[in-house]
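One structure is given below, encoded as structure tokens.
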Amino acid sequence: MDDNTSRTERKRKQSSFTRLKDKRRKVAASFDRIGTRKPIRRPVIVYGSVVLSLILLYTVTLFLTTDSLSRGESFKTTNRYKTLQIDAPNATVTFVRSTDGNVQLKLIDSASSQKRLKIGTSGNTLTVTGRDGFTARLGNRPSEKPGDYAIQVGLPSYMNQIDVEAERLKGMGLFAKTIQLTAEAMELNKIDADEITLTGRGDVKVTNLNAVHATVTADSVNLAEYGAKLDLAVSTIDGAIRLKPTKAAGTIAVTTEGDIKASDRYTKQKDDEVALFELSKQEKPEVTVESEVGQVTLE
């Protein structure tokens, strides 16, 4: 009786073990089939709908976050944008004081009716791009097509950064922590910032410039009533440099193979390769002037 029972139990154990082995074989076979299964072919319309949805989302976002100005139109906002970027290689940009405490933009003149301004906003940054045609919103690169036009920019006094590239710059009232201007020619009045960088491919004329650090590079430079707390660097190749500092001019180091003319209020310290002139013993900003063969005049 005991032998029969033990045999039955052994058969049951063997059968359960066999069933477990079969189950494992089936699971392994199913995994093998999954690995060799052919990829699912989705219809082209699925991919097309995804691409179309992305394009529509981009277009809607673009039109909600940008504006386009044509001749005579202006941009009005109540947001206090603190960073302004203008990229309009063919434009004349005129700076004026803001009348409502915000950045104000106006396309006041255009030789071609196709000129547009694309205005984009992101956070506290306002970007302005000079473009052509009714599709101005759809691109980011500024137009290189010839055609003069003018932009009037009203600026408040709380700006953090002003970055402008244009054909010509004129006007007054630029106040910011950092100012970077690039143009063919500049004629500006009243610029005040911690960091000032002026790059002119032609003539640069500035009256009443005040900075902690300033760099001016152009074909010719004329700075009147300027002041630099720490340093000012002025450089040309063969153009004239004319400097008329305030009382706190400090020491001016001039390097040039051209003529140097200095008024009687300067005290000449040294005349080697670098000519040193001192105007104030109380203030000591480092003013460096470099012109290969241009004339330097210290008024």
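General observations
- Shape of the stretch 120-216, Cα gyration tensor, a/c cut at 1.5: oblate
- Long-range amide H partners of I86 with built H, under 5 Å: V128, D163, V164, E165
- Normalised by residue number, the volume inside the convex hull of the Cα atoms of the stretch 187-230 is 53 Å³ per residue.
- Remark: relative contact order (the chain) = 12 percent; criterion is Cα-Cα distance under 8 angstrom and separation of 6 or more residues.
- Extension gain, L52-D231: 0.36 nm per intervening residue step, less the Cα-Cα distance, totals 58.9 nm.
- Projected label points at L276 and T297, each 7 Å from Cα along the beta carbon direction, are separated by 2.7 nanometres.
- Simple rule: put +1 on each Lys or Arg Cβ and -1 on each Asp or Glu Cβ in the chain, find the dipole, and look at T297, V93, S220; the Cα lying farthest toward the positive end is V93.
- Sorted largest first, the spans of the alpha carbon positions of the chain along the three principal axes are 134, 52, 36 Å.
- At q = 0.16 Å⁻¹, base-10 log of I(q)/I(0) for the stretch 238-289 (Debye sum, equal scatterers on each alpha carbon): -0.43
- Shape category assigned to the stretch 156-299 from the gyration tensor of Cα positions, a/c cut at 1.5: oblate
- Using a simple spin-label model with pseudo-atoms 7 Å out from Cα toward Cβ, T99 and S74 lie 0.5 nm apart.
Taken together, the values in this text are just the output of simple stated rules run on the coordinates, not laboratory data. The structure presented is a predicted model; accordingly, all values stated were derived computationally and were not measured. Neighbour counts run over all protein chains shown; Cβ positions are idealised from the backbone, glycine included.
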